[in-house]
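Remarks on the structure that follows.
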Amino acid sequence: MKVKTFPDLGQRRLALLAFGHQDASAENCWPVDPQLQILGQSFDHTIVDIEDCDRRYGVGDVLAFELDYTGLLSAWTSDGVMKHFIRN
């Protein structure tokens, strides 16, 4: 098993998101909030650093991500991802 290591940034405010590598890899998605930073992923969860964000995120908040083609394809075919259509 490959061991993941993270730099010690001290005490930080983190969020655990209910999507992981099986849904959309962190390599293929970027947070819309530029102050939010993806720290890592497991198969079904993503950990993000929200310490430096101007917005105070809380339990149940929705975080938006932009996806490239590979990320969109993964998310679109994942049964664990809810899809919402927004029309302009």
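Residue-by-condition table, conditions (1) of a type in the set (Lys, Arg); (2) in contact (Cβ under 8 Å) with a residue 40 or more places away in the chain:
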{"position": "38", "(1), (2)": "no, no"}
{"position": "42", "(1), (2)": "no, no"}
{"position": "47", "(1), (2)": "no, no"}
{"position": "56", "(1), (2)": "yes, no"}
{"position": "61", "(1), (2)": "no, no"}
{"position": "74", "(1), (2)": "no, yes"}
{"position": "83", "(1), (2)": "yes, no"}
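Kindly indicate which of 33, 44 is surrounded by 15 or more Cβ atoms within 10 Å (Cβ to Cβ), of a type in the set (D, E, K, R) and on the phi < 0 side of the Ramachandran plot.
On the way: 44 fails: surrounded by 15 or more Cβ atoms within 10 Å (Cβ to Cβ).
Exactly one of 33, 44 is surrounded by 15 or more Cβ atoms within 10 Å (Cβ to Cβ), of a type in the set (D, E, K, R) and on the phi < 0 side of the Ramachandran plot, namely 33.
So for the range 16-35 (the condition being in contact with an Asp or Glu (Cβ under 9 Å, 6 or more places away or on another chain) and of a type in the set (Ser, Thr, Tyr)), does at least one residue qualify?
The answer is no; no qualifying residue exists.
List the pairs whose first member sits in the range 13-26 and is over 18 Å from residue 75 (Cα atoms) and without any contact (Cβ under 8 Å) to a residue 60 or more places away in the chain, whose second member is of a type in the set (Phe, Trp, Tyr) and surrounded by 15 or more Cβ atoms within 10 Å (Cβ to Cβ), and whose Cβ atoms are under 8 Å apart, counting only residues at least 6 apart or on separate chains?
15/57
Looking only at residues that are of a type outside the set (A, V, I, L, M) and surrounded by 15 or more Cβ atoms within 10 Å (Cβ to Cβ) in the range 52-77, which one is farthest from residue 31 (Cα to Cα)? First the steps, then the outcome.
Applying the first criterion (of a type outside the set (A, V, I, L, M)) to the range 52-77 yields 52-58, 60-61, 65-66, 68-71, 74, 76-77.
With surrounded by 15 or more Cβ atoms within 10 Å (Cβ to Cβ) added as a condition, the list becomes 53, 57, 65, 71, 74.
Numbers: 53: 12, 57: 13, 65: 4, 71: 13, 74: 16 Å.
Per the criteria, the residue is 74.
For the range 43-65, enumerate the residues that are within 15 Å of residue 23 (Cβ to Cβ) and not hydrophobic (A, V, I, L, M, F, W, C).
Answer for the range 43-65, where residues must be within 15 Å of residue 23 (Cβ to Cβ) and not hydrophobic (A, V, I, L, M, F, W, C): 44, 45, 46.
Examine the range 58-72 for a residue that is touching an Asp or Glu at 6+ places or on another chain (Cβ under 6 Å) and modelled with pLDDT under 95, and state whether such a residue exists.
If we filter the range 58-72 for residues that are touching an Asp or Glu at 6+ places or on another chain (Cβ under 6 Å), which is where we start, we get none.
The answer is no, given that none of the residues of the range 58-72 is touching an Asp or Glu at 6+ places or on another chain (Cβ under 6 Å) and modelled with pLDDT under 95.
The values are calculated or read from the model by the stated rules, or taken from the named source; none is laboratory data. Owing to the predicted nature of the structure, the values given are computational and were not obtained by experimental measurement. Cβ: placed from backbone, ideal geometry, glycine included. Neighbour counts: every protein chain shown.
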